[in-house]
Amino acid sequence: MHYSRNGPTGSSGPRYLASTAVLLVEVIKLLASLTLAAHDMRRTHPTAPLFEIAGKLHRSVFAADSWKLVVPAALYTFQNSLIYVAISNLDAITFQVSYQLKILTTVLFSILLLGRKISSRQWVALVLLTSGVALVQIAGPVASSDAGAGGAWNWDWDWKERLTSLLSTGTSSGFKGLMAVLAASLTSGLTCVFFEKLVKDSLASVSLWTRNVQLSFFSLFPALFIGVLWQDGAAISRDGFFAGYNSIVWLTIALQALGGLVVAVCIAYADNVAKNFAASFSIVVSYAASAVIFRTPLMLHSTGGAAIVLLAIYLFNSRPTPRTALLPTSKEK
Ligand code: C5P
């Protein structure tokens, strides 16, 4: 996404409008969810004719409680726009590292909205996970500080230099990006947990894909009216909807849509905390894979970070052996 926004070194020409990409992602997710919902319906009613399936689908999508999806739809659209603001104003690594804060905000909202219990051992695991992922991320290819416009790639990430440049840019782009990523982390936690509650409270009667159709349907309105028309209407009527589009932009859009659908499955059949663990684990896997495939040099802090992530996963999922389990049961006696 960062590459699609900032382009290869020395690239020129207009940047595509983020609002158009956010809208297209929603359209793709809507069509995909609709297809999957119809497929589900077909499976449960194998003999029903097509028009009856369409009628059932229409009734389930516009059922009385569908309006509830307005809340996550608005919040996700807001979150996705914040991410674009953040990634356009920060380098990819600073963004990734600060966005890990969502691991903690997700747990916080899981406690508040779902009544989830987190043991002190699990809290330790979560703090380890957040810092471990941040450490691994530092290894990635970093656009150097002037890379807003597409600078050279380098493999170093100097905390001091990064922090100084963030603070010295003051009110300009660095600070704006940082505020956006903090707001996105908070919104991510709240929205994902809200969606989880909604889906799980009714999974027996309303399928995940129907919920997703509702979510994408309501997301279209803010994406279209606020993003495309209100925010970027003038630019679009001047340069066109697809100005600045290329294959990288389309790939970014496809990945965003696919990612969203996968997130939905994770949330419905596991939970948000597990989703974040999986995402962190995938970062470790990509780190290891790029070392093997691209011969990316291994770095001490990143390898340490990867080990911390693995330790955190183990710690979070293992239960302390209860004292009673160590004693023989009455039968064994
Ligand atoms: O970064 P985070 O894990 O919060 O991102 C979640 C992403 O998943 C968002 O981009 C959101 O739009 C997407 N999503 C989705 N469909 C769902 C749930 C989340 O597209 N049902």
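With Cα atoms as the point set, the radius of gyration and Dmax of the range 199-333 evaluate to 23.3, 84 Å.
Too long at a 30 Å Cα-Cα cut-off: which of Lys176/Lys200; Lys29/Lys56; Lys56/Lys200?
Violating the 30 Å Cα-Cα cut-off are Lys176/Lys200.
Put simply, the C-alpha atoms of the range 24-103 give a gyration tensor, and the ellipsoid matching it has half-axes of 37, 14, 11 Å, longest first. Based on the Cβ-Cβ distance of Asp239 and Leu298, what FRET efficiency does E = 1/(1 + (r/R0)^6) give at R0 = 45 Å, to the nearest 0.05? It comes to 0.55. Applying 1/(1 + (r/R0)^6) with R0 = 56 Å to the Cβ-Cβ distance of Arg15 and Arg319 gives a FRET efficiency near 0.65.
Packing, taken as the mean count of other beta carbons within 10 Å per residue, orders the peptides 39-47, 185-193, 80-88 from highest to lowest as 185-193, 80-88, 39-47. Per-residue packing, averaged as other Cβ atoms within 10 Å, sorts the ranges 62-71, 92-101, 266-275, 120-129 into the order 92-101, 266-275, 120-129, 62-71, beginning with the highest. Computed from the Cβ-Cβ distance with R0 of 35 Å, the FRET efficiency linking Gln231 to Ala64 stands at 0.60.
Based on the Kirkwood approach, the hydrodynamic radius assigned to the range 242-313 is 14.4 Å, with every pair of different Cα atoms included.
What number does the range 194-255 give for Rg over Rh if you use C-alpha atoms and the Kirkwood radius?
Over the Cα atoms of the range 194-255, Rg/Rh equals 1.15.
None of the figures in this text is laboratory data; all of them are computed from the coordinates on show. As the structure is a prediction and not an experimental result, all values here were calculated from the model. So basically every Cβ, Gly included, is an ideal-geometry build from the backbone, and we count neighbours across all protein chains shown.
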